[in-house]
Every structure is written in C-alpha cells, then in structure tokens.
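Input: a single structure, listed below in structure tokens.
Coordinate-derived values only; no laboratory data. Model, not experiment: these values are computed from the prediction. Methodologically, a virtual Cβ is constructed for each residue, glycine included, from the backbone with ideal geometry; neighbour enumeration extends over all protein chains shown.
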Amino acid sequence: MNTVYATSEPTRAEVDALQGATLIEFGAPWCGYCAGAQPLIAAAFEGHDSVRHLKIEDGKGRPLGRSFGVKLWPTLVLLRGGHEVARLVRPADVQSIRQALDQLQAG
C-alpha cells in the first residue's frame with residue numbers, strides 16, 4: 001500500500017493497459033476525508049498484497065481523475081486488467097473496502 005499521494009499521474013491509456021488487480025485512490029494530502037480514510041484503507045489492504053495501489057493526488061485540471069468522473073475524495077476505483085469493477089466514494093468502514101478488494105482478487 002502506498003502512503004504518499006503521487007503528484008505525477010499516469011495517462012488514462014497507461015491505466016487502461018494495466019494488467020492484474022489495481023486500486024486507484026484519488027484524493028489530496030490536505031483533504032480531511034482522505035486523512036480519515038487512511039487507517040481504513042490500510043487495514044483493508046492487509047492480505048491483499050497482490051493488488052497494485054496507485055495513490056494519485058487529484059485536483060482541478062488533473063486529467064486522470066476527470067477521466068474517471070471523480071467528484072469527491074477519497075474515491076477508490078478498483079480495476080482488473082484496466083477495466084473498472086468497483087468504486088467506493090468516501091468509504092466509511094474497513095469491511096466495504098475489504099469486500100471490494102476481495103471481489104477484485106476473486107476475478
């Protein structure tokens with residue numbers, strides 16, 4: 001699991017070409033909702049070491065977040081082979097994140 005938001009983002013074409021299970025976390029380091037979700041995300045990631053975690057700093061004019069229609073932070077987009085299989089917006093509990101990760105790995 002990544003703990004720092006990346007300020008440079010991959011292109012949408014690069015994300016669409018990713019193989020395997022990927023969770024993209026859109027947010028910002030100064031976002032209170034994002035900070036509050038970090039312990040939940042960390043706990044949910046336990047046992048999901050095979051899931052790639054891209055933690056992307058989002059904001060105005062950031063094309064990757066716009067291409068996924070992100071409006072609220074944090075938004076977790078779960079992809080398998082570059083295709084979206086689940087999405088969580090402002091997750092409030094570990095279980096919902098863990099279930100989405102389980103679903104992602106099961107496919």
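Listed values, structure above:
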item	result
Within the chain, percent of DSSP bridges classed antiparallel, to nearest 5	65
10 Å Cβ shell holding at most 12 others, DSSP loop, trypsin sites (Lys or Arg not before Pro): longest site-free stretch of the chain	1-59
Choice from Thr75, Thr22, Thr11 showing the highest fluctuation, given a GNM over the chain with Cα pairs closer than 10 Å	Thr11
Within the chain, helix-based [θ] at 222 nm, where runs of 4 or more DSSP H residues each add -39,500 (n - 2.57), nearest 500	-10000 deg cm²/dmol
Alpha-carbon spread of region 12-106, three principal axes, descending order, Å	34, 31, 16
